[in-house]
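The values are calculated or read from the model by the stated rules, or taken from the named source; none is laboratory data. Given the structure is predicted, the values throughout are model-derived calculations rather than measurements. Counting neighbours? That spans all protein chains shown, and the Cβs are built from the backbone with ideal geometry, glycine included.
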Amino acid sequence: TKQPLKVLVTGAAGQVGYALIPMIARGLMLGPDQPIILHMLDIPSAAEALNGVKMELVDAALPLLKGVIATTDLVEACTGVNIAIMLGGFPRKEGMERKEVMSKNVAIYKDQASALEQCAAKNCKVLVVANPANTNALILKEFAPSIPAKNITCLTRLDHNRALGQIAERLNMHASEVKNVIIWGNHSSTQYPDINHATVITQEGEKSVREIIANDKWLSGEFITIIRQRGAAIIRARKLSSALSAASAACDHMHDWLLGTPKGTWVSMGVCSDGSYGIPPGLIYSFPVSCEKGEWSIVQGLKIDDFSRSKMEASTNELLEEKSLAYSCLS
Ligand code: NAI
């Protein structure tokens with residue numbers, strides 16, 4: 001039998017936490033034969049709610065769950081963790097300046113970077129979900145220099161899955177029959193959902209999405225807007241953010257990173273750029289990646305047309321601007 005893995009979830013008393021924790025504890029993230037010990041962190045004002053989640057985990061009598069820590073102590077939360085899922089952050093409230101929100105999150109991620117660097121297991125793998133996800137991950141990477149940069153990622157799998165879902169709906173197919181969409185860039189409204197390399201399975205074999213949909217206007221207009229605005233649409237409908245699909249995507253992200261992607265299939269992950277596709281090295285940018293043996297690698301050699309190039313650059317520029325805003329909060 002496998003040794004338990006320690007999984008940290010920050011912001012665990014929040015909405016995404018409530019959806020994600022049972023998924024992790026039932027083996028949807030790390031596999032059905034992987035025992036886990038959950039480390040749940042939140043801030044003191046949420047301590048009582050966090051303890052309520054712990055009570056529910058006891059009540060669920062989950063076979064894979066070998067232990068639960070519910071704490072507001074950052075060091076206790078980070079000690080020995082193999083996996084860290086970062087949901088905790090400071091949300092933008094009405095009337096707040098962008099810089100104010102950025103400054104709160106930069107402070108949080110700087111502290112958490114130091115705690116992870118000092119206390120986490122050596123090869124700890126990190127997924128940042130909390131917004132601004134790419135820039136929070138960037139700060140975490142900069143302030144935890146002894147954690148390999150390749151171990152620090154952010155979530156754009158929700159956007160990726162949304163793109164699969166929209167293509168499938170449009171074609172009256174199932175999402176599992178669509179693959180290789182790409183989310184480039186920032187997890188924000190400048191992200192570029194790219195279907196130029198996506199394919200669907202048909203009775204006559206694999207066909208390109210472009211060939212089958214053949215409606216350029218929809219593909220380069222409405223489709224992109226739907227994906228970029230989907231989060232806002234969910235909030236309008238639910239009066240709450242998209243916690244179920246975010247939690248599901250976080251499981252997919254870690255699952256595929258650790259256990260691998262099927263041959264010929266890629267997924268989107270926010271990772272540290274190595275300069276591929278002309279993206280500035282060091283930026284946390286969403287790329288198409290394939291995974292094997294716990295390592296991701298950026299899919300190389302895809303042809304990028306002028307339309308795609310300009311969208312990718314717009315998102316790059318936004319990330320560079322966020323980076324300089326974040327750094328201005330540090331000084
Ligand atoms: P929420 O507000 O319900 O939960 C956030 C939790 O974080 C709260 O319980 C809060 O007390 C806690 N928290 C705040 N500061 C903390 C700190 N310093 N340490 C530990 N915990 C702290 O928000 P929700 O809906 O659960 O979303 C979580 C985050 O994920 C948000 O930033 C949201 O914008 C982001 N998100 C990102 C998505 C993506 O695709 N990348 C998708 C959906 C949400």
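Here Ser146 clears all of (1) of a type outside the set (A, V, I, L, M, F, W, C); (2) in contact with an Asp or Glu (Cβ under 9 Å, 6 or more places away or on another chain); (3) part of a helix (DSSP H, G or I) except the condition numbered (3).
Give the residues of region 73-99 that are farther than 26 Å from Gln3 by Cα and more than 23 Å from the chain's Cα centre (by Cα), sorted by residue number.
Listed by number, the residues that qualify are Glu94, Gly95, Met96, Glu97.
Checked against the criterion of being crowded, with 22+ Cβ neighbours inside 10 Å, under 25 Å from Pro280 (Cα atoms) and in contact (Cβ under 8 Å) with a residue 12 or more places away in the chain, the candidates Ala120, Ala130 yield just one match: Ala130. The residue that is farthest from Ile43 (Cα to Cα), among those in region 88-112 that are among the small types (Gly, Ala, Ser) and surrounded by fewer than 22 Cβ atoms within 10 Å (Cβ to Cβ), is Gly95. Residues considered: Ile279, Ile284, Ile304. Of these, the only one that is modelled with pLDDT of 95 or more, under 25 Å from Thr199 (Cβ atoms) and crowded, with 18+ Cβ neighbours inside 10 Å is Ile279. Could you check, for region 150-162, whether at least one of its residues is crowded, with 23+ Cβ neighbours inside 10 Å and part of a loop (DSSP other than H, G, I, E, B)? Among the residues of region 150-162, at least one is crowded, with 23+ Cβ neighbours inside 10 Å and part of a loop (DSSP other than H, G, I, E, B), which makes the answer yes. Only a single item in (1) assigned to a loop (DSSP other than H, G, I, E, B); (2) of a type outside the set (D, E, K, R); (3) more than 18 Å from the chain's Cα centre (by Cα) is not met by Ala115, and it is number (1). Across region 21-77, the number of residues qualifying as surrounded by 14 or more Cβ atoms within 10 Å (Cβ to Cβ) and assigned to a strand (DSSP E or B) comes to 12. Please enumerate the residues belonging to region 269-299 that are under 16 Å from the mean Cα position of the chain (by Cα) and closer than 17 Å to Leu138 by Cα. Scanning region 269-299 gives Met269, Gly270, Val271, Cys272, Ser273, Leu283, Ile284, Tyr285, Ser286, Phe287.
Selection of first residues in region 90-115 that are farther than 16 Å from Lys323 by Cα and modelled with pLDDT under 90 and of second residues that are within 13 Å of the ligand (Cβ to nearest atom) and not in a helix (DSSP H, G or I), restricted to Cβ pairs under 9 Å at least 6 apart or on distinct chains, gives the following pairs, ordered by first then second residue: Pro91/Ala130; Pro91/Asn131; Arg92/Asn131.
Here is the figure for region 169-198: residues that are free of Cβ contacts under 8 Å to residues at least 60 places away in the same chain and buried (at least 19 other Cβ atoms within 10 Å of the Cβ) total 4.
In region 240-268, the residue that is farthest from Leu158 (Cα to Cα) out of those that are in contact (Cβ under 8 Å) with a residue 60 or more places away in the chain and of a type in the set (Ser, Thr, Tyr) is Thr265.
Based on what the data block shows, is Val81 in contact (Cβ under 8 Å) with a residue 24 or more places away in the chain, surrounded by fewer than 19 Cβ atoms within 10 Å (Cβ to Cβ) and hydrophobic (A, V, I, L, M, F, W, C)? No: the conditions fail for Val81. Checked against the criterion of being out of contact with any Phe, Trp or Tyr (no Cβ under 7 Å at 6 or more places or on another chain), within 8 Å of the ligand (Cβ to nearest atom) and assigned to a loop (DSSP other than H, G, I, E, B), the candidates Gly89, Gly95 yield just one match: Gly89. Any idea which residue in region 21-62 is farthest from Val128 (Cα to Cα), counting only those that are within 16 Å of the ligand (Cβ to nearest atom) and among the small types (Gly, Ala, Ser)? So, considering only residues that are within 16 Å of the ligand (Cβ to nearest atom) and among the small types (Gly, Ala, Ser), the one farthest from Val128 (Cα to Cα) is Gly52. Looking only at region 1-20, filter to residues that are among the hydroxyl-bearing types (Ser, Thr, Tyr) and outside any strand (DSSP E or B); which one of those is nearest to the ligand (Cβ to nearest atom)? Result: Tyr18. Residues that are in a helix (DSSP H, G or I), more than 9 Å from the ligand (Cβ to nearest atom) and farther than 20 Å from Trp296 by Cα within region 235-254 comprise Ile235, Arg236, Ala237, Arg238, Leu244, listed in sequence order.
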